[in-house]
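Enquirer: This is the structure I have questions about; it appears just below.
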Amino acid sequence: MKKRLPPVLGLILLASAIGHLVNPDFYAAMIPPFIPASLANILATITEAGVGILLLLPRYRHWGGLGFILLMLAFLPIHVWDLFREDPAIGPAPAPLIRLLLQFLLIYAGYWVYRNNRP
């Protein structure tokens, strides 16, 4: 698990970063209206790619785990907001609730990587 989880999380983040570039409209529905969608896409792309790369490099996985925790915490309010929307971007109930619960699992996964990959 110690060797497999960080690269899996890293590849997921890199795929998501590419997704922000290739299909920004897909992510736009998840962005609250008070945040400019183009800015959010650019920041998410850069952050996800950077953290993804850190998770792929064994020497920097500890910092990648910390970055992953912070990124998942930053996304947490968006998932809470989506849960209470009339028409959630994630899909009909119970999908937003499942996604929110999954967010906590991802935060723990980041903590696990951070804790188990100390330099």
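Enquirer: Under the rule of -39500 (n - 2.57) per DSSP H run of 4 or more residues, summed and divided by the residues of the chain, what mean residue ellipticity at 222 nm is obtained, to the nearest 500 deg cm²/dmol? If you can, show how the numbers build up before the last one.
Expert: Working: 5 runs with 88 residues, N = 119.
Per the formula, -25000 deg cm²/dmol.
Enquirer: To continue, here is another question. Within the range 24-110, list the trypsin sites (Lys or Arg not before Pro) lying in a DSSP loop whose Cβ has at most 16 other Cβ atoms in a 10 Å radius. Walk me through the numbers before you get to the answer.
Expert: Details: sites: Arg59, Arg61, Arg85, Arg99; in loops: Arg85.
Loop-located and lightly packed - Arg85.
Enquirer: If you don't mind, another one. Rg to Rh ratio, the range 6-88, alpha-carbon atoms and Kirkwood radius?
Expert: On the way: Rg = 13.3 Å, Rh = 13.2 Å.
Looking at the range 6-88, the ratio lands at 1.01.
Enquirer: Still on this structure: Just how far, in whole angstrom, is the range 18-61 from the range 79-119 if you go by their alpha carbon centroids?
Expert: Cα centroid to Cα centroid, the span is 15 Å.
Enquirer: Please give, to one decimal in nm, the separation of the simple spin-label points placed at Ile12 and Ala74, each 7 Å out from Cα toward the Cβ.
Expert: If labels sit at Ile12 and Ala74, their model points lie 1.7 nm apart.
Enquirer: Give the relative contact order (percent, whole number) for the chain; include only Cα pairs under 8 Å separated by 6+ residues.
Expert: Working: 128 pairs, mean separation 36.1, N = 119.
After rounding, I find 30 percent.
Enquirer: Give me Trp112, Trp81 sorted ascending by neighbouring Cβ count inside 10 Å, so fewest comes first. Present the calculation step by step, with values, prior to reporting the outcome.
Expert: Details: Trp112 18, Trp81 15.
Ascending Cβ contact count within 10 Å gives the list Trp81, Trp112.
Enquirer: Anything in the chain that counts as a DSSP H helix reaching 27 Å or more along its axis (C-alpha) with Kyte-Doolittle mean of at least 1.0? List them, would you? Don't skip to the answer; put the middle values down first.
Expert: Values: long enough: 37-56 (28 Å, 1.69); 61-83 (31 Å, 1.14); 95-116 (31 Å, 0.89).
Span-like helices here: 37-56, 61-83.
Each value in this text was obtained by applying a stated rule to the coordinates, not by laboratory testing. Every value quoted in this text rests on a predicted model; they were computed, and no experiment measured them. Using ideal geometry, Cβ is built from the backbone for each residue, glycine included, and neighbour counts are taken over all protein chains shown.
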